[in-house]
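J.: I have a structure here, written as C-alpha cells, and I will follow up with some questions on it.
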Amino acid sequence: HRKWSERKVTIFTPMSDQQETGPTMRRLSQLESVVLWNRARQIKRELKQGVKKPYREVIDISWGDPQGGGIKPLSFVRQVLAACHYPQLLNSDKLPEDVRQRAERLLKECAGRSTGSYTATQGIPYIVKGISEFITRRDGGVPSFPNNIYISSGSHAVKTGVLTPVPCYDKVNMSIRELGGVTIPYYLHEDQGWELQIEELNRALESAKGVCNPVALYVMNPGNPTGSLPQRRSSFSWLMRVNDLEFVSYKKVLAEMGPPISETVELASFHSASKGLIGECGLRGGYVELVNVDPAVMEYIYKLFSTDSCASVPGQIALNLMTHPPQPGDPSYSLYNETTLIHNVRRVFEVLNSVPGFSCQPVEGGGFAFPRLHLPLNAIHKAKEAGMQPDEFYCVRLLEESGLLVNPGWNFEQKEGTSHFRMNIMIKEETLEGVLRRLVSFHTKFMKEFS
Amino acid sequence: MLRRDLHNEAVNGVPCRGKVLTLDTMNPNVKRVEYAVRGPIVQRAVQIEKELREGAKKPFTEVIKANIGDAHAMGQKPVTFLRQVLALCSYPELLEDNKFPEDAKKRARRILGACGGQSIGAYSASQGIECVRQDVARYIEKRDGGIPSNPDNIYLSTGASDAIVTMLKLLVCGEGRGRTGVMISIPQYPLYSAALADLGAVQINYYLDEDKCWSLDIKELRRAVTEARQHCNPRVLCIINPGNPTGQVQSRQCIEDVIRFAKEEHLFLMADEVYQDNVYAEGCAFHSFKKVLFEMGPEYSSTVEMASFHSTSKCYMGECGFRGGYMEVINLDPEVKAQLIKLVSVRLCPPVPGQALLDLVVNPPQPDEPSHTTFMKERTAVLAALAEKARLTEQVFNTVPGITCNPVQGAMYTFPRITLPQKAIDKAKEAGQVPDMFYCMRLLEEEGICLVPGSGFGQREGTFHFRMTILPPTEKLKIVLQKIRDFHQRFTQEFS
C-alpha cells in the first residue's frame, strides 16, 4: 500500500542532497574559511607533539574573546559567581564583604536559593530591573521599562530584507539567512573612517526594490569589525525622512529626537556581558531591550522566549555584575585597566600605518582592528590559483609562517577588490607587541616575495 | 502579562498606529507557537504571588508551582560535589583552599586547562569543549555496555531543547504535500509542538494508550504515518523516554519495535532521554535507544539515523539554570555533520558553566575518590525520594472519585485523568476557556496550586487531564495531594 514510486528517498540519500535538505542549510552560504580553522587546529596539535616551527605557540586573535586571549576576569565577578554556586563560601571571611552581600542578594532572588533553578522567562526580575536602571542611567534619564527587556543566552513569500553593513560581523548575516531572510548590503565608507553615508543607505534601499521587502536596518555601534562610531547627525536625520524603517541603535538619540520619531520608531537594542570590561563570553549573558513594539506582538515574543525556558543563570548573574559593579568605597572597587585598550588601539594604528601594504582606519570603539591589505597582483593571482580569496590566502600564510591566527576580511564581506583581516585587540599589551612583531616581519617578507 | 486596550496604547503608554511589526506583519508561524508550561496559568500564578507579597488576603499563603520540572525551586538541594567544582572553576583562587576535596580540584583543573585562557569566561569551540565531549562519549560507552561512541558525534548544547530544535531545523523542508512531517506522541512535551509550529513543519500525532499505562503501540504509529503520507512527507519520529508528561518507561521490546518501524518507514529517530536516571517502578528499566539499536545488529545499527538527547536539568542533578546538555548523532551523513557544525557556530557556543557541569555528570567521583561516599549518598537520596513521591502520588490520586492516575514509572510528573461534570464543561465554554484550563485556574485561585492543564500537552478528544510535578518535598506533597482531592470533590459537587 505504500506508494514507493511517489515517495522521495529520504534516509538513504545523503542529507546533503539539495532536495531533502532543510532550507536552513542551503541558505547558510559558505562564509567561513574552513581551510584556515582546520589548519590552525592541526598546527596546534603538531606543536603539542613537538614539531619544530618558527614559533612556539599559535596566537589566536581571530575571535573577540578577551579571556581566551589571556586577560584575567574581574575578581569581584568570579567571587560572586563562586559564592552563588557554593553558598558555603559565605560562611567564611575569605571573601570581601561586598561580594558576600551581593551573592546573598542574588541567592535570595533564585528559586530555592539555587543558581540551578529555572528563572522567569525574561530573566530574574531583580536582575532585569537592574538592567533597566543601568540603561536609564546610561541614557541620561530616558526611561527604560523592565517589561521590554529580555535576557538571553547570547544572541538568534514576499522575502523579508534586512539592511546590514559591509563589512559586518558574520554571525549577523548567517542568522538572517538561517531564518529565511535576505541581507541587503550597505557599504561603509572606508576612506572616511568607515562612515555610514546616507546616500549609500538610499542606494541599498533602492536596490532592494522588487527583490525583497526591507523591514529592518541593522547597525552595530561600535562597529564589528570596523570599530567605527556612527556620525550622529547623518544617520539620524535620514531617519526623519525615512521613518517607516525599523532601526537598531542607541536608544538615547532616539529619545532625544523627540516625538513623533521617539514614539514611533521600533527599536531593539542588544547588549552582552561578553565584551566590554567584564568580557565573560563563555557565560553567555546578554539582553535585548525593545522600544515601541506593538504590545500584541510582545505577547508572542514572550511565548517564543519561554520555549527556551530561560537564559543561563551564570550569564544572568554576570549581567547584574556588569550593570551594578562595585562602587567607590566598596572593598572590591578597583579600576579595571581601561588604558590597555586605549594603548592597544593607538599602537595598532601607528604600527600598521607605518608599514607599506597596510592601511588602518582609527579604531574608535569595539574590540577589533580591521586593517586593509594592499596586496601585490602576484599575490592575488597566486591566491586564485590556490582557489582562495586573496585575504584568506594571506591569512593562511600568516598562520603557517608566524603562528598568528586572524580572521580574513572575506568572512565579513567587503567592497569588491579589497582585502582586510580582523584582529582582536582585547589582549594584554605584551601579547600585542608579540603580535605586531610577528605581523610586520611576515608582512615584509610576503610583500617582497610577491613584488 | 496584563493587556491594556491593545489598539490604543503600548505598554509604555504611547500610541501604536502604523507599526512595522504587528500581528499581521509578524512571522505567521509564531502565532501558532504555544508553550503551556510557562503559559497563561503560570502568568496568573506569578501575579497572585505578587498580590500575596503586597498583603492581599487569600485562602493560602503561598503559591505552589507544581507546573515546571524544577527540582531546586521545590527545595531539592544541589549535589555538593557538583557545586564545589563549579565554584572552583568560577574562582580558581579557591584551588588553594584546603576546604575543597582533591578530586573536585582535579576536575576543576582539567576543565580549566581545556578552556581558552584557562577561563570559563572564554568562548569554547561551537561543538563544545573537546575533553568534555570525550568524557561524554566515554560515559555513553560505559552506560551502553561498551558500544563505541565517537566524540565527534557529540554536540554540546544549551539544555537539550537547543539541540532538539537544531536537529529539527536541519530536518524540516519541502513545500505543500512534500512538507516534512514530524511524529510526536500525544501527550507530548510542548517544546516539540512549539518548535514544529515555529518551523512550519507538519505535526503528526500518535496517541499513547492511556488504558495500557500510556504505552506506545506500533499499530498506532503505523496508522498515524500512513494517514500522514496523504498530506505531507513524514521524515522524523520523536520519542520521549522516560515520557513527559506521562512518565512511562519503554520496555526493551517496545524500543526494538520502534526502531524496526523507523527503518521500515524511512524515519529519522529523535530519542529524548533527559529523564534516563528517573526510573522508579518495579520491573522498569531505562534502555537507551542507541544500545538497543546496536544490539539489533549491523542491518539496523549501520543504517538507522538517530539523535539522542540528554541534559543536566533533570535526573538527580536538577541543574536547570545552568542550561547544560548534549546530543549524540548516529549514522549522520558526514557532509550533513559539517553543515551541523556551521549551524551551531552561529550561536557561538553553549554556556561554559553548563559544559563544565555536564562533564561532572558524566565523570562523577569514583569509588576510590574522597567525594564518592557523599556523592552517592546524595544521589541515592534524591532518586529514592522521587520514587517514594511517585508512588504516593499515584496512590492518593487513585482514591479520588473522578481522578484516575496511571503509575508514575519515571520522569518527574503525573498526568492523571479527571472527569469533569458536563455543567463545568459548559461553564468553561461560556468563559471561553478549555475545560481543563477552567479547572486548573479554579484550583489556582482557591488553593494556590499551579498545575498545567492537559490541553497544553495534547490529549484524546473529550478527555481532560492535568500535569503535576512530584517535586515538592514529601510533607508538602502530601498536603498538595490532599488539597487537590478536596478541591476535586468540591468542584464536582458544585457542577453536579
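J.: Out of all the residues in the range B:17-41, which are among the β-branched types (Val, Ile, Thr), facing another protein chain (nearest Cβ under 9 Å) and under 26 Å from the mean Cα position of the chain (by Cα)? Let's see the steps before the verdict.
T.: Step one: list which residues in the range B:17-41 are among the β-branched types (Val, Ile, Thr), which gives B:20, B:22, B:25, B:30, B:33, B:37, B:41.
Of the ones still in play, those that are also facing another protein chain (nearest Cβ under 9 Å) are B:20, B:22, B:25, B:30, B:33, B:37.
Residues satisfying the conditions are B:30, B:33, B:37.
J.: I've got another one for you. Quick one: residue A:126 ticks every box in (1) surrounded by fewer than 22 Cβ atoms within 10 Å (Cβ to Cβ); (2) not assigned by TED's automatic domain parsing to the domain that holds residue A:309 bar one, so which box is it?
T.: With respect to (1) surrounded by fewer than 22 Cβ atoms within 10 Å (Cβ to Cβ); (2) not assigned by TED's automatic domain parsing to the domain that holds residue A:309, residue A:126 is out only on (2).
J.: Among the residues of the range B:65-91, which ones are in a helix (DSSP H, G or I), buried (at least 20 other Cβ atoms within 10 Å of the Cβ) and over 19 Å from the mean Cα position of the chain (by Cα)?
T.: Listed by number, the residues that qualify are B:81, B:82, B:83, B:84, B:85, B:86, B:87, B:88, B:89, B:90.
J.: Please go through (1) surrounded by fewer than 23 Cβ atoms within 10 Å (Cβ to Cβ); (2) at the interface with another protein chain (Cβ under 8 Å from one of its Cβ atoms); (3) over 21 Å from residue A:65 (Cβ atoms) for residue B:123 and return the number of the only condition it doesn't satisfy.
T.: All conditions pass for residue B:123, except number (3).
J.: Something else about it: With A:362, A:295, A:331 as the choices, which residue is assigned by TED's automatic domain parsing to the domain that holds residue A:139, more than 30 Å from residue B:163 (Cα to Cα) and not polar (S, T, N, Q)? Break it down into steps so the answer makes sense when it comes.
T.: Values: A:362 fails: assigned by TED's automatic domain parsing to the domain that holds residue A:139; A:331 fails: assigned by TED's automatic domain parsing to the domain that holds residue A:139.
Only one candidate passes the filter, namely A:295.
J.: Taking residue B:482 as the residue in question, decide whether it is in a helix (DSSP H, G or I) and farther than 25 Å from residue B:70 by Cβ. Walk me through how you get there before you give the answer.
T.: Numbers: in a helix (DSSP H, G or I): yes; farther than 25 Å from residue B:70 by Cβ: no.
Answer is no for this residue.
J.: Related question: Has the range A:193-202 got any residue that is outside any helix (DSSP H, G or I), more than 24 Å from residue A:418 (Cα to Cα) and hydrophobic (A, V, I, L, M, F, W, C)?
T.: no
J.: Does the range B:174-186 include one or more residues that are part of a helix (DSSP H, G or I), within 11 Å of another protein chain (Cβ to nearest Cβ) and in contact with a helix residue (DSSP H, G or I) (Cβ under 6 Å, 6 or more places away or on another chain)?
T.: no
J.: I've got another one for you. So residue A:147 fits all but one of (1) surrounded by fewer than 18 Cβ atoms within 10 Å (Cβ to Cβ); (2) more than 10 Å from every other protein chain (Cβ to nearest Cβ); what number is the exception?
T.: (2)
J.: Do we have any residue at all in the range B:414-423 that's buried (at least 21 other Cβ atoms within 10 Å of the Cβ) and in contact with a Lys or Arg (Cβ under 8 Å, 6 or more places away or on another chain)?
T.: Yes: the range B:414-423 contains one or more residues that are buried (at least 21 other Cβ atoms within 10 Å of the Cβ) and in contact with a Lys or Arg (Cβ under 8 Å, 6 or more places away or on another chain).
J.: Sticking with this structure for a sec: Could you list, in sequence order, all residues of the range B:100-120 that are out of contact with any Leu (no Cβ under 9 Å at 6 or more places or on another chain) and at the interface with another protein chain (Cβ under 8 Å from one of its Cβ atoms)?
T.: Taking the range B:100-120 and keeping what is out of contact with any Leu (no Cβ under 9 Å at 6 or more places or on another chain), we get B:101-103, B:106, B:110, B:113-117.
Once the filter is applied, which keeps residues that are out of contact with any Leu (no Cβ under 9 Å at 6 or more places or on another chain) and at the interface with another protein chain (Cβ under 8 Å from one of its Cβ atoms), the range B:100-120 yields B:115, B:116, B:117.
Conditions tested, residue by residue: (1) modelled with pLDDT of 90 or more; (2) touching a Gly at 6+ places or on another chain (Cβ under 9 Å); (3) β-branched (Val, Ile, Thr); (4) surrounded by fewer than 24 Cβ atoms within 10 Å (Cβ to Cβ).
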site	(1), (2), (3), (4)
A:266	no, no, no, yes
A:283	yes, yes, no, no
A:287	yes, yes, no, no
A:296	yes, no, no, yes
A:318	yes, yes, no, no
A:336	no, no, no, yes
A:343	no, no, no, yes
A:353	yes, no, no, yes
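J.: For the range B:299-312, check the following and say yes or no: at least one residue is among the charged types (D, E, K, R), assigned to a loop (DSSP other than H, G, I, E, B) and touching a strand residue (DSSP E or B) at 6+ places or on another chain (Cβ under 9 Å).
T.: The answer is yes, given that some residue of the range B:299-312 is among the charged types (D, E, K, R), assigned to a loop (DSSP other than H, G, I, E, B) and touching a strand residue (DSSP E or B) at 6+ places or on another chain (Cβ under 9 Å).
J.: Do the conditions hold for residue B:197, that is, is it more than 24 Å from residue B:410 (Cβ to Cβ) and assigned to a helix (DSSP H, G or I)?
T.: yes
J.: If I ask for residues that are in a loop (DSSP other than H, G, I, E, B) and aliphatic (A, V, I, L, M), which ones from the range B:359-382 would you list? Spell out the reasoning first.
T.: Step one: list which residues in the range B:359-382 are in a loop (DSSP other than H, G, I, E, B), which gives B:363-371.
None - no residue of the range B:359-382 is in a loop (DSSP other than H, G, I, E, B) and aliphatic (A, V, I, L, M), so the list stays empty.
J.: Confirm whether residue B:279 is within 29 Å of residue A:116 (Cα to Cα) and crowded, with 24+ Cβ neighbours inside 10 Å.
T.: On the way: within 29 Å of residue A:116 (Cα to Cα): yes; crowded, with 24+ Cβ neighbours inside 10 Å: no.
Here the answer is no, as residue B:279 does not meet what is asked.
J.: Report yes if some residue within the range B:436-443 is part of a helix (DSSP H, G or I), surrounded by fewer than 16 Cβ atoms within 10 Å (Cβ to Cβ) and either assigned by the TED database to the domain that holds residue B:401 or of a type in the set (S, T, N, Q) (or both); otherwise report no.
T.: Within the range B:436-443, none of the residues are part of a helix (DSSP H, G or I), surrounded by fewer than 16 Cβ atoms within 10 Å (Cβ to Cβ) and either assigned by the TED database to the domain that holds residue B:401 or of a type in the set (S, T, N, Q) (or both).
J.: Moving on to the next point. Go through the range B:321-351 and give me each residue that's closer than 27 Å to residue B:74 by Cβ and facing chain A (nearest Cβ under 7 Å). If you could, list the steps in order and put the result at the bottom.
T.: Start the filter on the range B:321-351 by keeping residues that are closer than 27 Å to residue B:74 by Cβ, which leaves B:321-326, B:350-351.
Residues satisfying the conditions are B:321, B:322, B:323, B:351.
J.: Let me ask something else about it. Test residue B:138 against the stated conditions and say whether it is basic (Lys, Arg), closer than 28 Å to residue A:65 by Cα, part of a helix (DSSP H, G or I) and in the same structural domain as residue B:348 (by the TED database).
T.: no
J.: Which ones in the range B:392-412 are buried (at least 16 other Cβ atoms within 10 Å of the Cβ) and in a helix (DSSP H, G or I)?
T.: B:392, B:393, B:394, B:396, B:397
J.: Of all residues in the range B:47-64, how many are in a helix (DSSP H, G or I) and in contact with a helix residue (DSSP H, G or I) (Cβ under 9 Å, 6 or more places away or on another chain)?
T.: Residues flagged as in a helix (DSSP H, G or I) and in contact with a helix residue (DSSP H, G or I) (Cβ under 9 Å, 6 or more places away or on another chain) within the range B:47-64 amount to 1.
The values are calculated or read from the model by the stated rules, or taken from the named source; none is laboratory data. Quick caveat, the model's predicted, so the values are computed rather than measured. Cβ atoms come from the backbone with ideal geometry, glycine included; neighbour counts cover every protein chain shown.
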